[in-house]
Amino acid sequence: MEELQKQEQVHTRIWLEEPEPDNPFAARTAWCCGYDVFGGMLGQARWVEMLYLLFRGEAPSARQADILEALAVALANPGPRDSSVHAAMCGGIGGSTAAACLMAALAVGAGQLSGGREIFLAMEAWEHCSTELDVWRRWFVKPADAIGSIWPTPEHPPGFDPHGASTSMPVRQTLRCLTELSDGFRLSWLEKNRTELESMAGCPLALSGVAAAAMVDLDFSAEQGEMLYLLLRLPGAAAHALEQKQNSYAQFPFFRLELDNEPVGRSL
């Protein structure tokens, strides 16, 4: 490994490749954070273990892998009501390319309402408040200012649902599942103190809030959590975009569009 590192010109702590002797542009071996990907991990490691290794630089424990896998299932498809999925569906029904549909989902799903930035802010709140109710109470009154940030001031407490009247069933089910799997302290504390936090926030807990607590328990940084959240929500956006590609625009499930001068027999 040390000899390979001396020869390597690409500087990264994540990935190391040994080229094929007859093709310097093809890898003979590939190592991720010290693990032989194709000679040791392939067929043995789970996808979420590879994700954790890439982001954290170390292999997860069995319990950490179970938590991340359960979280991935919960986040895999935000559903057609979610704005990021809706954006991908619009791309699909309009005939956009696969990449364009996914980029639409990422762009719309990157913000401060159930998006990647909300995860970032919610994770920062956990780092600041930990499990101190008094600190949370002060934070709800005056969240930390993002000095020099390009983002506007959030219009609701990150991790909570500004449109909700009560905690939704999927949120409660996800929180219970992840709490049972986790050996960290934030998820269990969140489940125990959820109603009091909701009273302070003035709105119910959202799935983004559960995801943020889980990612902090998994030792991800706010930057890592934001990126991972965007990634884990793409499967649903992709599936819904593909489904809409098979339909006519007149069958779009949200808004029916009728044109007075539509060519007879033409289907888009």
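The values are calculated or read from the model by the stated rules, or taken from the named source; none is laboratory data. Since the structure is predicted, the reported quantities are computational estimates derived from the model, not experimental observations. When we count neighbours, we look across all protein chains shown, and the Cβ atoms used for this are built from the backbone with ideal geometry, even at glycine.
Only one entry in Ala105, Ala122, Ala165 is within 21 Å of Ala222 (Cβ to Cβ) and of a type outside the set (Val, Ile, Thr), namely Ala122.
Let's see how each residue does on (1) assigned by TED's automatic domain parsing to the domain that holds Pro204; (2) more than 20 Å from the chain's Cα centre (by Cα); (3) surrounded by fewer than 17 Cβ atoms within 10 Å (Cβ to Cβ):
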{"position": "Arg117", "(1), (2), (3)": "yes, no, no"}
{"position": "Cys129", "(1), (2), (3)": "yes, yes, no"}
{"position": "Phe160", "(1), (2), (3)": "yes, no, no"}
{"position": "Gln173", "(1), (2), (3)": "yes, no, yes"}
{"position": "Cys177", "(1), (2), (3)": "yes, no, no"}
{"position": "Ser182", "(1), (2), (3)": "yes, no, no"}
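Name the residue, out of Leu106, Leu178, that is touching a Ser or Thr at 6+ places or on another chain (Cβ under 9 Å), among the aliphatic types (A, V, I, L, M) and closer than 19 Å to Ala76 by Cβ. Being touching a Ser or Thr at 6+ places or on another chain (Cβ under 9 Å), among the aliphatic types (A, V, I, L, M) and closer than 19 Å to Ala76 by Cβ holds for just one of Leu106, Leu178, which is Leu106. If you filter the range 198-207 down to residues that are in contact with a Lys or Arg (Cβ under 9 Å, 6 or more places away or on another chain) and without any contact (Cβ under 8 Å) to a residue 60 or more places away in the chain, you find that the one that is surrounded by the fewest Cβ atoms within 10 Å (Cβ to Cβ) is Pro204. When the range 208-229 is filtered for residues that are part of a helix (DSSP H, G or I) and surrounded by fewer than 21 Cβ atoms within 10 Å (Cβ to Cβ), the ones remaining, listed by number, are Ala222, Glu223, Gln224, Met227. The sole residue among Asp22, Asp66 that is of a type outside the set (A, V, I, L, M), outside the structural domain of Thr179 (by TED's automatic domain parsing) and in contact (Cβ under 8 Å) with a residue 12 or more places away in the chain is Asp66.
When you look at Thr195, is it crowded, with 20+ Cβ neighbours inside 10 Å and among the β-branched types (Val, Ile, Thr), yes or no?
Considered against the rule, which asks whether it is crowded, with 20+ Cβ neighbours inside 10 Å and among the β-branched types (Val, Ile, Thr), Thr195 comes out as no.
Among the residues of the range 112-145, those that are of a type in the set (D, E, K, R) and within 18 Å of Ala211 (Cβ to Cβ) comprise Arg117, Glu118, Glu124, Glu127. Scanning the range 138-197 for residues that are closer than 24 Å to Gly111 by Cα and of a type in the set (Val, Ile, Thr) returns Val141, Ile147, Ile150, Thr153, Thr167, Val171, Thr174. Which one is modelled with the lowest pLDDT among residues in the range 230-261 that are surrounded by 13 or more Cβ atoms within 10 Å (Cβ to Cβ), over 30 Å from Pro158 (Cβ atoms) and not aromatic (Phe, Trp, Tyr)? Once the filter is applied, the top-ranked residue is Ala250.
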